[in-house]
Amino acid sequence: MNAYIPVIGLVALATLFVVIAAIVLSPLIGPHRYNRTKYDSFECGIQPTPQTLTGGGRFSVKYYVTAMLFIIFDIEIVFLYPWAVAFDHLGSFGVIEMITFIIVVFVAYTYVLRRGGLNWD
């Protein structure tokens, strides 16, 4: 149990810092420049859509397409990292499989690029 005392101390110190410095002192010593623009909602440079009574405002499909593209390429990195770590142990089979995976993802990327999925106009 004595080995965990420094860890418990660090957790207590971090909690103390968050409570005192970040929550209590931040509003007291931070800048006080209040204006209407600061508290207005911001949607990537586009004027915010008005909120209707029932369903909320409409968002462009580009937001969702960009989110899905981010997830796809993020998952690609998640698969590439363990392959890079275990590269020496996989041999030629691992190299061929990863080349196949990268080709499939590259074909998907070129498809999205040709369809204009990465254009914000």
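The values are calculated or read from the model by the stated rules, or taken from the named source; none is laboratory data. Bear in mind that the values here come from a model prediction, so they are computed numbers and not experimental data. Because the Cβ atoms are built from the backbone with ideal geometry, glycine has one as well, and the counts that use them run over all protein chains shown.
List of remarks:
- The requirement of being part of a loop (DSSP other than H, G, I, E, B) and modelled with pLDDT of 75 or more is fulfilled nowhere in the range 7-28; no residue meets it.
- Only listed residue being surrounded by 11 or more Cβ atoms within 10 Å (Cβ to Cβ) and at pLDDT 85 or above, chosen from GLU76, GLU97: GLU97
- Subset of the range 42-73 (residues that are modelled with pLDDT of 80 or more and of a type in the set (A, V, I, L, M)): ALA67, MET68, LEU69, ILE71, ILE72
- Qualifying residue in the range 70-81 (condition: touching a residue at least 40 places away in the same chain (Cβ under 8 Å), closer than 15 Å to LEU118 by Cβ and not basic (Lys, Arg)): no
- Filtering the range 98-121 to residues that are touching a residue at least 40 places away in the same chain (Cβ under 8 Å) and in contact with an Asp or Glu (Cβ under 7 Å, 6 or more places away or on another chain) leaves nothing.
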